[in-house]
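What follows is one structure encoded as structure tokens, with my remarks underneath.
Only the coordinates and a few stated rules stand behind these numbers; no lab work does. Quick caveat: nothing in here was measured; it's all calculated off a predicted structure. Virtual Cβ from ideal backbone geometry, glycine too; neighbours counted across all protein chains shown.
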Amino acid sequence: MIDYTPFVVAVYGITVVIYGLLTLKWQRSLKRAQQQLSEQENP
Amino acid sequence: MNKKGQKRLFLILTVLVVGGALISLVFSSFTGALVYFYTPTEILQQTDSLSGKKVRIGGMVQEGTLVKESGTLKIRFMVTDGEKLFPVQYDGMLPDLFREGQGVIVEGTWQPDQDFIASSILAKHSEDYMPVEMSEEGIAKAKKSILKSMQ
Amino acid sequence: MLKAVYRIAWKDVVGDLRRRATLSSMLFFSIAVLVVFQAAFEPDRQAATKLLPGLLWATVLFTSLMGLGRVFQAEEENGAFEGLMLASVPRGIIFLGKWLGNLLLTLLVQAMILPLTLILFNVDAWHLIPHIFGVLILGILGLTGLGVLLAAMTQAARSRETLLALLLLPLVAPLLIAGVQATAGVMVPDGQPGPWIRLLLIFDTVYLALAPWGFGWLVEE
Amino acid sequence: MNFLARIQRPLGIITLLALGASTWMVFNAPLDFQQGNSVRILYAHVPSAKMALFCYILLTLSSIVYLWKKNETADILAEAAAPVGAAFTAVTLASGAIWGKPMWGTWWAWDARLTSMLVLLILYMGIMALRNALDEPLKAARATAVLAIIGAVDLPIIHYSVVWWRTLHQPASFGGSSGNPSITGDLLPPLLAMAISFILLGGYLVVLKAREVEAHRQLEQLDVERMEEDD
């Protein structure tokens, strides 16, 4: 049996990158939108 | 009946029709109409209609039939679905899971009067996962599951 | 009610025949597909018989995509889409009229393409034309039903044609497979098109029952 | 919506802890008797596949509620569920391909389960693209809701027709028709832990995306009001 570690690492790498990037992207976008909202409400 | 009631009646009818069609789909079997692979029993029954065609044949590598030609990558073995045996030759790289007692799908052109020469081999494993300590039990269970998936 | 369906469909078909817009572009397009296929595979007579089902359905798909892109074009050009929706007729009826018009045009094109394909590819299947055309009708019923709904959906969208293809292709994948297999089934003597024709019927039922409702929900109030 | 704002942070923290714990369990699980180390791919692959379908169910239900009750929250949930589901589907396909290469000997095969998963991904992308391409929010909401429902009716057709009974892909190990899981011993607990963590992750991503969508809609609303005042 060959060593499957690279395949396992690749899968978990992709998983972390996709879910992690989505979370960060949306968190940032949410924060920015909330900031703009509060600026517009009390200028 | 007023317009709203009429509309609701039509909507219920539509849901029933669509639901009925979907249920009839589940119960109408397409067995044999389009399969990813044939079993050895089927290929030997349909010799006429499938000869000269590119086919996939799936089954289990029969124990005690795997012969490796020393010094080359050439191998010979028998594929079984629990009933018929089907001889296969192959020359090339093998997937890691390929071994005796393991599920396999071979692809090649089917010529009834010659040995089946596979152009590619895919391993088909069962849905059983067990720790290494239990491997004896696991191998027995996996064999059963593979043969079951051939039906 | 039926009169309204008929009027909408008739207006579309006659209008198109008079301008020969959709019809002729669909025809030329399908001839182009046939020529490319010929150049790519250069099939002999036997190979052409094997290729024919796939070839026919590829032209059906491409030509109907082209036709569907124009289902609501006339209304859009003169700004009548909203007007059509505000008409006193129920929207399910409007959908049926639009669908019938598109169905007739598509069938008309296919009726011309089928013999043309047989001639260009030298396939001797003239006695099978009724069978093949029957299967084509079954497939086109569902394909146009879903297609007209998607055309209404994407009518106001940017890059409408690409979007229409993106939405239509995954949804009609089973219909195309069933159509190809059923056509192959009726073309060989011991073929078994039965299960595939049943699948086509199920597909037609589901889409033609659902599409008028979907159309209604799209444009409500 | 206020409710979502309140649960977002605690849910995020719980999700992170659960993911950490189950990842630890995954890398301490024993090796599989057939597949050795590569069985660890299972723990990312199977929960992602389940969540890909869960998200579509959520998308369909929200679409039905939106068309029926004209409830804007339902539309926001539908808009949030689509990209989350697409992400889960993409991970399922990618991890499956990476697993298939060493085990089956191929990245991809046109077999039933793989094909219907690919169709699901294209469907998610179509739904997102349609919403994106329609400028009028009301039209976009209705069109995507109708498309999602059509897709929900279509998925079983694709599953039972494109899908031939005998496939390269093994049957479901878990939650299949046989009842008891065919994953035994110490290999099972990490899968259960991962499944729970992924449900939490899916929930968190939907909540986060829904709040982001809502905030952007409020911004647009303000813009529209200001323009009307200017006129």
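Here are the numbers for the structure shown:
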| read-out | value |
| --- | --- |
| Stokes-Einstein D in µm²/s, Kirkwood radius over Cα pairs - chain A at 37 °C with 0.692 mPa s viscosity | 252 |
| Ellipticity estimate at 222 nm from DSSP helix runs (n ≥ 4, -39,500 (n - 2.57)) divided over the protein assembly as shown, nearest 500 | -24000 deg cm²/dmol |
| Given 15 as the ceiling on other Cβ atoms within 10 Å, longest exposed-site-free region of chain C for trypsin sites (Lys or Arg not before Pro) in DSSP loops | C:21-157 |
| Along each principal axis, Cα extent of chain C, largest first, Å | 56, 34, 31 |
| Loop-resident sites, the stretch B:55-107, for GluC sites (Glu not before Pro), counting at most 14 other Cβ within 10 Å (DSSP) | B:Glu63, B:Glu69, B:Glu83, B:Glu100 |
| Long-range amide H partners of B:Gln102 with built H, under 5 Å | B:Val61 |
| Per-selection Rg to Rh, the stretch D:71-155 - Cα, Kirkwood hydrodynamic radius | 1.09 |
| Reciprocal of mean inverse Cα separation for the stretch B:40-148 (Kirkwood radius, Å) | 14.5 |
| Cα-centred dipole magnitude for the stretch D:1-119, charges only on beta-carbon of K, R (+1) and D, E (-1), debye, nearest 20 | 160 |
| Cβ-based net charge around D:Ala87, under 15 Å, with every Lys or Arg adding one and every Asp or Glu removing one | +1 |
| GNM result for chain B, Cα springs below 10 Å: residue of B:Thr39, B:Thr72, B:Thr80 fluctuating most strongly | B:Thr72 |
| Net charge contributed by nearby residues that have their C-beta within less than 15 Å of A:Ala10 (K/R +1, D/E -1) | +1 |
| Rel. contact order, % - alpha carbon contacts under 8 angstrom, at least six apart, chain B | 19 |
| Distance (nanometres) between label positions extended 7 Å along Cα→Cβ at D:Asn28 and B:Lys148 | 3.2 |
| Label-point gap, in nm, between C:Ala32 and C:Arg18 - each point 7 angstrom along Cα→Cβ | 2.8 |
| Average Cα contact separation per residue, the stretch C:22-136, under 8 Å, 6 or more apart, as relative contact order % | 39 |
| Charged-residue dipole, Cβ positions (Lys, Arg, Asp, Glu), the protein assembly as shown about Cα centre, Debye nearest 20 | 960 |
| Calculated SAXS-style log₁₀ I(q)/I(0) at q = 0.07, 0.08 Å⁻¹ - chain D, Debye, Cα scatterers | -0.28, -0.36 |
| Helix C:2-19 vs. chain C, principal-axis angle (Cα, 0 to 90°, nearest 10) | 60 |
| Folded to 0 to 90 degrees: helix B:3-27 orientation relative to chain B principal axis, Cα | 20 |
| Relative contact order %, the stretch D:1-107, counting alpha carbon pairs below 8 Å whose residues are six or more apart | 25 |
| Among C:Gln38, C:Gln181, C:Gln110: highest mean-square fluctuation, GNM of chain C, C-alpha pairs under 10 Å | C:Gln38 |
| Three-way shape call for the protein assembly as shown based on the alpha-carbon gyration tensor, with the a/c threshold at 1.5 | oblate |
| Selected from B:Leu25, B:Leu97, B:Leu66 as most flexible by GNM, with chain B as the system and alpha-carbon contacts under 10 Å | B:Leu25 |
| Stretch gain in nm, segment D:Leu192-D:Ile14, where the contour uses 0.36 nm per residue and the Cα spacing is subtracted | 62.5 nm |
